[in-house]
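Engineer: Got a structure for you, written out below as structure tokens; questions coming shortly.
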Amino acid sequence: MIKAIFFDYDGVLTTDKTGSLTTNRYLSRIANVDYETVRDVFSKYNRDLLVGKITHREIWDAACEAMHREIDFSLLELAFLSTPANDSMFALARSLKPKYALGIITDNKKDRIDCLRKSQGLDALFDPIVVSSEVGSGKDGAAVFEYAMRCIDTKPEECVFIDNNPDNLIAPKALGMGVIFHDDEKNDVGKLSLSLANEFLIRLE
């Protein structure tokens with residue numbers, strides 16, 4: 001019997017495939033720097049940012065120097081706020097909330113998710129919100145999923161995890177969690193709802 005449904009954030013609860021895409025696109029536009037340049041500059045820091053080894057503040061000056069631009073650090077928050085919510089997925093989550101525990105498990109930067117928790121009201125709908133940079137490990141291993149389940153005292157067979165990257169489904173499936181791949185390009189939330197109902201007997205409002 002399923003008790004909890006965990007959502008990935010970017011590419012599931014948002015319509016952009018990754019958070020880096022969202023952030024880099026905004027910074028590229030506001031600083032008038034080619035997107036590819038912004039992407040390449042930040043990509044070298046991405047893994048350490050995702051597991052909390054460094055912060056955006058710590059690498060900001062070096063990143064600006066590499067882009068040959070002085071970009072005010074406050075613009076990073078505006079980049080975070082440009083994240084496009086997936087309204088259909090949020091509607092699905094709200095329909096599930098009365099009967100199931102809902103959580104987020106995301107490979108993400110702490111400052112970004114802290115910003116979006118406030119702007120999108122994530123805490124009103126999801127608990128726990130498990131962020132790789134706070135746990136110190138990502139979805140390529142079991143630890144972040146085990147932590148999420150401990151937060152709400154559930155067993156793997158009582159949980160379903162939804163992600164737009166098939167590689168991120170390997171670890172939770174090995175633990176015994178139910179998993180569903182969501183194709184972010186098609187964003188067929190109706191199909192996802194049917195998968196929840198047919199594969200896991202999830203009751204929808």
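The values are calculated or read from the model by the stated rules, or taken from the named source; none is laboratory data. Since the model is a prediction, treat every value here as computed from it, not as a measurement. Backbone-built Cβ (ideal geometry, glycine too); neighbour counts: all protein chains shown.
Engineer: In segment 81-103, is there at least one residue being of a type in the set (Asp, Glu) and either crowded, with 19+ Cβ neighbours inside 10 Å or within 22 Å of LYS44 (Cβ to Cβ) (or both)?
Structural biologist: From segment 81-103, those of a type in the set (Asp, Glu) are 87; that's our starting set.
Now restrict to residues that are either crowded, with 19+ Cβ neighbours inside 10 Å or within 22 Å of LYS44 (Cβ to Cβ) (or both): none.
No: zero hits.
Engineer: Then there is this: Can you report the number of residues in segment 27-68 which are surrounded by 13 or more Cβ atoms within 10 Å (Cβ to Cβ) and touching a residue at least 12 places away in the same chain (Cβ under 8 Å)?
Structural biologist: 22
Engineer: Regarding segment 34-49, can at least one residue be identified that is within 30 Å of VAL160 (Cβ to Cβ) and touching a Pro at 6+ places or on another chain (Cβ under 7 Å)? Outline the logic, then answer.
Structural biologist: Narrowing segment 34-49 to residues within 30 Å of VAL160 (Cβ to Cβ): 46-47, 49.
If we keep only those that are touching a Pro at 6+ places or on another chain (Cβ under 7 Å) as well, we get none.
No: segment 34-49 contains no residue that is within 30 Å of VAL160 (Cβ to Cβ) and touching a Pro at 6+ places or on another chain (Cβ under 7 Å).
Engineer: How many residues are assigned to a helix (DSSP H, G or I) and more than 10 Å from ARG69 (Cβ to Cβ) if we restrict to segment 11-29? Give the steps one after another, and end with the answer.
Structural biologist: Applying the first criterion (assigned to a helix (DSSP H, G or I)) to segment 11-29 yields 19-29.
Subset that is more than 10 Å from ARG69 (Cβ to Cβ): 19-26, 28-29.
Selection size over segment 11-29: 10.
Engineer: So which residues in segment 147-169 are more than 20 Å from ARG203 (Cβ to Cβ) and surrounded by fewer than 16 Cβ atoms within 10 Å (Cβ to Cβ), if there are any at all?
Structural biologist: To start, the set of residues in segment 147-169 that are more than 20 Å from ARG203 (Cβ to Cβ) comprises 147-151, 153, 156, 163-169.
Passing the criteria: ARG150, CYS151, ASP153, PRO166, ASP167.
Engineer: Of all residues in segment 48-93, which are in a helix (DSSP H, G or I) and among the polar types (S, T, N, Q)?
Structural biologist: The initial filter retains those residues of segment 48-93 that are in a helix (DSSP H, G or I), namely 48-50, 56-67, 75-81, 87-93.
Across segment 48-93, the qualifying residue is only SER88.
Engineer: With ALA174, ALA142, ALA197 as the choices, which residue is out of contact with any strand residue (DSSP E or B) (no Cβ under 7 Å at 6 or more places or on another chain) and under 22 Å from ASP48 (Cβ atoms)?
Structural biologist: On the way: ALA174 fails: under 22 Å from ASP48 (Cβ atoms); ALA197 fails: under 22 Å from ASP48 (Cβ atoms).
Within the list ALA174, ALA142, ALA197, the selection yields ALA142.
Engineer: Consider ALA142 carefully, then state whether it is farther than 24 Å from MET1 by Cβ, free of Cβ contacts under 8 Å to residues at least 60 places away in the same chain and surrounded by fewer than 22 Cβ atoms within 10 Å (Cβ to Cβ). Walk me through it before giving the result.
Structural biologist: Values: farther than 24 Å from MET1 by Cβ: no; free of Cβ contacts under 8 Å to residues at least 60 places away in the same chain: yes; surrounded by fewer than 22 Cβ atoms within 10 Å (Cβ to Cβ): yes.
It is false that ALA142 is farther than 24 Å from MET1 by Cβ, free of Cβ contacts under 8 Å to residues at least 60 places away in the same chain and surrounded by fewer than 22 Cβ atoms within 10 Å (Cβ to Cβ).
Engineer: If you go through segment 8-23 one residue at a time, do you hit one that is surrounded by fewer than 15 Cβ atoms within 10 Å (Cβ to Cβ), among the small types (Gly, Ala, Ser), closer than 16 Å to CYS115 by Cβ and out of contact with any Ser or Thr (no Cβ under 6 Å at 6 or more places or on another chain)?
Structural biologist: No, segment 8-23 contains no residue that is surrounded by fewer than 15 Cβ atoms within 10 Å (Cβ to Cβ), among the small types (Gly, Ala, Ser), closer than 16 Å to CYS115 by Cβ and out of contact with any Ser or Thr (no Cβ under 6 Å at 6 or more places or on another chain).
Engineer: Scan segment 86-97 and report the pairs whose first residue is over 12 Å from PHE7 (Cα atoms) and at pLDDT 95 or above and whose second residue is surrounded by fewer than 18 Cβ atoms within 10 Å (Cβ to Cβ) and charged (D, E, K, R), with Cβ atoms within less than 7 Å and a gap of 6+ or a chain change.
Structural biologist: Once the first residue is over 12 Å from PHE7 (Cα atoms) and at pLDDT 95 or above and sits in segment 86-97, its partners that are surrounded by fewer than 18 Cβ atoms within 10 Å (Cβ to Cβ) and charged (D, E, K, R) give SER95/GLU205.
Engineer: Within the set of pairs 6+ apart or on separate chains, which have a first residue in segment 1-26 that is closer than 15 Å to GLN120 by Cα and not assigned by TED's automatic domain parsing to the domain that holds ALA101, a second that is at pLDDT below 95 and aromatic (Phe, Trp, Tyr), and C-beta atoms under 8 Å apart?
Structural biologist: Here the result reads none, with nothing in segment 1-26 linked to a residue that is at pLDDT below 95 and aromatic (Phe, Trp, Tyr).
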